[in-house]
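The structure appears right after this line, and notes come after that.
The values are calculated or read from the model by the stated rules, or taken from the named source; none is laboratory data. Small disclaimer: the values here were computed from a predicted structure and weren't measured. Positions of Cβ are generated from backbone atoms using ideal geometry, with glycine treated the same way; all protein chains shown enter the neighbour counts.
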Amino acid sequence: MSRITAADLAAALEITRAAYQEAMTRAGMLAGKIAEVHAYAESQLAELAAQVDGTDPAP
């Protein structure tokens, strides 16, 4: 069984980000709010990764 790498996760994140951005744009969400949602999601993912790794999340 192969392991998922950081590069795999980064690619999945980018695909997901693009899909959500397109959906939010089509729903009429303002660009500033889309950026805010992305920033919050990245922050949450960094916190989760830090918990798994036992490290502090990057600022």
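Matching residues to (1) small (G, A, S); (2) surrounded by 10 or more Cβ atoms within 10 Å (Cβ to Cβ); (3) on the phi < 0 side of the Ramachandran plot; (4) within 12 Å of the chain's Cα centre (by Cα):
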site	(1), (2), (3), (4)
A7	yes, no, yes, no
A11	yes, yes, yes, yes
A19	yes, yes, yes, yes
E22	no, yes, yes, no
L30	no, yes, yes, no
A35	yes, yes, yes, yes
E42	no, yes, yes, yes
A46	yes, yes, yes, yes
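Hey, does the stretch 43-55 have a residue that's modelled with pLDDT under 85 and of a type in the set (D, E, K, R)?
There is at least one residue in the stretch 43-55 that is modelled with pLDDT under 85 and of a type in the set (D, E, K, R).
Consider the stretch 36-55. How many of its residues are more than 19 Å from I15 (Cβ to Cβ) and aliphatic (A, V, I, L, M)?
Qualifying residue count, the stretch 36-55: 2.
Taking only the stretch 49-59 into account, find how many residues are surrounded by 11 or more Cβ atoms within 10 Å (Cβ to Cβ) and not in a loop (DSSP other than H, G, I, E, B).
Total satisfying the criteria: 2.
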